[in-house]
Every structure is written in structure tokens, then in C-alpha cells.
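Below: the structure, in C-alpha cells.
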Amino acid sequence: MVTNAKKYARLRDEQFSLFENYARKHGMNGKSLLFFLWIYHNPNGITQEWIAKRTFSSKQVVQAVVKNYLEKGWLYLEPSQTDKRKKLVRLSKEGQERVDRLIKPLDRIEEKAMESLSLEQQELLLVTTEAFSRKFRSLLEG
């Protein structure tokens with residue numbers, strides 16, 4: 001018998017796979033796409049430490065992705081105004097243009113998918129997903 005937990009897990013896995021496939025179609029891996037989603041939606045810049053925490057990635061993985069896209073000219077590092085020891089990851093002009101072409105269509109697709117639900121379904125989805133995620137995290141982290 002397939003439990004609701006397994007059904008939900010398979011749906012979540014399918015969503016992750018859809019993002020991974022979208023990333024591959026655009027010449028990158030899913031982790032890089034995830035980084036760019038966070039960077040794009042935080043235009044004032046975020047630190048590598050912040051990215052690592054939000055994506056549950058090691059500092060080495062974040063540094064490798066950032067280095068790769070620094071070399072490609074998509075990103076640059078800027079000293080933080082609040083903590084000079086830290087550098088903010090920011091999109092360069094070229095990076096902004098490329099990431100606009102990558103993220104804007106994805107944002108529109110997500111919005112269309114959400115708009116296909118009634119307002120009540122949207123609210124229920126958000127509330128229950130947040131509750132599930134909070135409990136799942138607390139159980140995993142003990």
C-alpha cells in the first residue's frame with residue numbers, strides 16, 4: 001500500500017526532476033539553477049554562506065559554483081556594507097540578462113501553475129506544505 005507520505009514524496013521528487021530537466025535544457029545543473037533562483041530573487045546580494053544554508057550545500061560546492069559563474073562573467077563579488085569580512089554575490093550586467101532569460105519564464109510557469117488552483121487551494125497548499133516542511137526538518141535534524 002502506498003501511503004500519503006510516499007505519494008507526496010513522489011510528487012515532490014517529480015517537481016525536483018522538472019527543475020533539474022529545465023536546468024539541463026539551459027546548460028546547467030539543478031544546483032546552479034537553485035543558486036540563481038536565490039540570487040535573482042535577492043537583488044541586493046547574498047553571501048555564499050547564506051546560499052549554503054538555504055540550499056543545504058557545502059561551502060565547497062557553493063564556492064565551486066560561484067567560481068564557475070565568476071569566470072563566465074555572470075557574477076561578481078562585492079564587499080558587504082554591514083560586514084566587510086563578507087562578500088555579497090551579485091549578478092553582473094551580463095549575468096542579469098542571462099538569468100532574466102532563465103528565471104523569468106520559470107517564474108511565469110510557476111505563477112500559471114499556481115493560478116490554476118483556486119485561492120482556497122493555493123492557501124491550503126502553502127499552509128500544509130509549510131507545516132510538513134517544518135515538521136520534516138525538525139525530525140531530520142533531531
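The values are calculated or read from the model by the stated rules, or taken from the named source; none is laboratory data. On a predicted model such as this, the values are computed, not experimentally measured, just so you know. When we count neighbours, we look across all protein chains shown, and the Cβ atoms used for this are built from the backbone with ideal geometry, even at glycine. Each accessible area value is taken on the protein alone, full model and side chains, heavy atoms only, with ligands, DNA and RNA left out. Shrake-Rupley method; radii C 1.70, N 1.55, O 1.52, S 1.80 Å.
Can you work out which of the residues in segment 47-68 that are farther than 25 Å from Ile109 by Cα and either among the small types (Gly, Ala, Ser) or touching a Leu at 6+ places or on another chain (Cβ under 8 Å) (or both) is surrounded by the most Cβ atoms within 10 Å (Cβ to Cβ)? Residue satisfying both the conditions and the ranking: Val66. Among the residues of segment 1-16, some residue qualifies, meaning at least one is at pLDDT below 95 and outside any helix (DSSP H, G or I).
Inside segment 100-117, can you point out the residues that are of a type in the set (Gly, Ala, Ser) and either in a helix (DSSP H, G or I) or within 15 Å of Leu33 (Cα to Cα) (or both)? Quick ask: steps written out before the conclusion?
First, the residues of segment 100-117 that are of a type in the set (Gly, Ala, Ser): 113, 116.
If the condition is that a residue be of a type in the set (Gly, Ala, Ser) and either in a helix (DSSP H, G or I) or within 15 Å of Leu33 (Cα to Cα) (or both), then Ala113 is the only one that fits.
This table checks each residue for (1) farther than 30 Å from Phe132 by Cβ; (2) at pLDDT below 95.
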site: Asn21; (1), (2): no, no
site: Arg24; (1), (2): no, no
site: Pro43; (1), (2): no, yes
site: Leu70; (1), (2): yes, no
site: Arg85; (1), (2): yes, yes
site: Lys104; (1), (2): no, no
site: Glu110; (1), (2): no, no
site: Ala113; (1), (2): no, no
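Entry remark, segment 69-99: residues being assigned to a helix (DSSP H, G or I), surrounded by fewer than 16 Cβ atoms within 10 Å (Cβ to Cβ) and in contact (Cβ under 8 Å) with a residue 12 or more places away in the chain number 1 in total.
Evaluating His26 against the criteria (1) open to solvent by 60 Å² or more (accessible area, probe 1.4 Å); (2) touching a residue at least 24 places away in the same chain (Cβ under 8 Å); (3) touching a Ser or Thr at 6+ places or on another chain (Cβ under 7 Å) leaves one unmet condition, (3).
Restricting to segment 42-68, and then to whatever is outside any helix (DSSP H, G or I) and touching a residue at least 12 places away in the same chain (Cβ under 8 Å), can you tell me which residue is farthest from Asp100 (Cα to Cα)?
Of everything passing the filter in segment 42-68, Ser57 is farthest from Asp100 (Cα to Cα).
Can you find a residue in segment 1-20 that is open to solvent by less than 60 Å² (accessible area, probe 1.4 Å) and under 13 Å from Val99 (Cβ atoms)? No.
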